[in-house]
Structures are given as structure tokens and as C-alpha cells.
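Bear in mind that the values in this text are calculations on the coordinates, not laboratory data. Remember, it's a predicted structure, so these values are computed and weren't measured experimentally. Positions of Cβ are generated from backbone atoms using ideal geometry, with glycine treated the same way; all protein chains shown enter the neighbour counts.
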Amino acid sequence: MKNVAQKNWVIGNWKLNPLFADAQQLFQQISAEYATLSQGCHIAIAPPMPYVGYFAQQKGGVPIVAQDISTVAELGAFTGETSAKLLQSTGVNYVLIGHSERREHFADDDVRLQQKVKNALAADLTIIYCVGESLAQREAGQALTVVLEQVAVLAAVLTKDDWSKVIIAYEPIWAIGTGKTASPSDAQEVHAAIRAGLTQYTTQAAEISLLYGGSVKAENAVELAACADIDGALVGGASLDAASFISIIHAFSQQ
Ligand code: PGA
């Protein structure tokens, strides 16, 4: 069971969208409401990498999330890389690690993910660590095992104190961008299993925010928000429209 005194999170993952002028407009729409919306819910936005430093420097305070970081920790002769330390210097305080699209298309295996986790923590970034099973794994009855193994990979590189810098996002791969959402009871089952699993690594399991991601929309957000172990949402497609993103924020808002 989550700590109900804590605020939920709604994080918009813009992925590789939209072009800069549209991104600026979308950011302005969220920014204009941020002071009010953030009273009931933590909000953050993960724009494409080229815009990250720009948005992190805007007044208005919307926290900015990088969608990924390099396995390289520092500065140096690493053409094309974006390190945690460099992002942190632009005002970015959060990073997604282990998104299934990076695992699938960009060879992010457990070893690389563990290195990224270490780099993020060394640069004082808070990690949103993504886990989730494929459709085949779910149909084979392996969802809980797969997800708990992914959490164990994360736990293996964390100290007791690091857990305060970790958010976990459960994103079943078959629900991402497909319009298929896990039913609230299926999502809650996995979230409860993650929470129970976390107790072997930390005494703060009730305080770790567990977000659900995978076709979250205004229409299903209220039901998901009502689940005992769902502490927020990682929203892809629906975060590209300010009105639908704001409706989702309202659904997860505790005021
Ligand atoms: P979706 O993406 O909301 O478009 O399914 C979620 C995510 O990949 O973070």
C-alpha cells in the first residue's frame, strides 16, 4: 500500500515529438497552469533531447526529465553522447532509464542500464526506472517474474540511501502506444508485487512512487489513480495534447 500522504506524479514522455515550435507552444500551455496543477500532483515533462536544456532554463518551474543518458559518466571525447553530468548542469533533475523502446531498439541491456543508474545518481539526478513485460511473457504467466527481475537489476546497484532518488514506472510493453491499457486490477496486481518486492531492499517501500504507463488517457486515468499502489502515470501519446495531459493530472491530483 502506498503512502497516501504523498503526492502522485504525472510525467509526460514526448518521445521523439514534436518539432520545436509546436513543443514550445505545448510547453507554454502546461507552464501556464503549472503553479496551480502542481499543488495537487507532481508534474514533469520529458521532451526530446535537443530541447531539454532550453526548457530546463525556462521560468515557470516545470521539472524537466531527460529521456535517456549515456553510459559515459563525465565530460570528454565522446562525440554524440549526452552525460548525466552535462544534463544536470543545464538544470535537468530527472532521467528515464530503461524505457522499453531503448531496451528494444537501442541495445540497452542490464549492464548498460546499471551503468546509467550509477551515472544518474553520481550527477544527483532522480531516476524514473521503467520495467514491464512483453505480451508473450504476460501470456506465459511470467509478468510478475519478469518485472521483479528487472527491479532486482536496478536494486543490485543501489545503496540503501539511493532509493530516495528512485521512481519506478511499470509499463507493460504490449500497452505502450497501442491503445490497450492494463486493466486497473492487472496494473494494481503488478504494482503491489513491485511494492512487496521492494521491501527486501529498502524500509521505504511505501514511499517509493510507482507509476503506471501504457496508453494512459483522460478516459482511464481516474480508475488507474484509484488503485492502492498506483502513485501516478508516465504518459506518452496523451501528453502531446495539453488538454488531455491536464485532465490526466486532474485525475491523479489529490486536491
Ligand atoms: P503511451 O506511452 O502513453 O503512448 O502508451 C507511454 C510510454 O511509453 O511512456
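Numbers below:
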| read-out | value |
| --- | --- |
| Sites A140 and D110, calculated FRET efficiency, Cβ-Cβ separation with R0 25 Å, nearest 0.05 | 0.80 |
| Helical mean residue ellipticity (222 nm; -39500 (n - 2.57) per DSSP H run of 4+; nearest 500) of the chain | -12000 deg cm²/dmol |
| The chain: C-alpha gyration tensor shape, a/c 1.5 cut-off, then a/b vs b/c | rounded |
| For V10, distant residues with modelled amide H under 5 Å away | H42, I43, A44, A233 |
| Cα→Cβ-extended label distance, 7 Å offset, between K160 and E81, nm | 3.3 |
| Segment 3-90: GluC sites (Glu not before Pro) falling in loop per DSSP and having at most 14 other Cβ within 10 Å | E74, E81 |
| Backbone HN-Hα couplings from phi across segment 103-119 [Karplus 6.51/-1.76/1.60, Hz, Gly and Pro as x] | 4, 7, 9, 10, 6, 7, 8, 4, 5, 5, 5, 5, 5, 5, 4, 4, 5 |
| Cleavage-rule hits (GluC sites (Glu not before Pro)) in segment 164-246: DSSP loop, at most 13 neighbouring Cβ within 10 angstrom | none |
| Sites matching trypsin sites (Lys or Arg not before Pro) across segment 50-131 that sit in DSSP coil, with at most 12 neighbouring C-beta atoms within 10 Å | K59 |
| Computed magnitude of the charge dipole of the chain (debye, nearest 20; Cβ of K, R +1, Cβ of D, E -1) | 400 |
| Net charge dipole size for segment 7-114 [Lys, Arg +1 and Asp, Glu -1 on Cβ; Debye, nearest 20] | 320 |
| Square roots of five times the Cα gyration tensor eigenvalues for segment 34-126, Å | 24, 15, 12 |
| Chain lengthening between A196 and D124 when straightened (0.36 nm per residue, less Cα-Cα) | 23.3 nm |
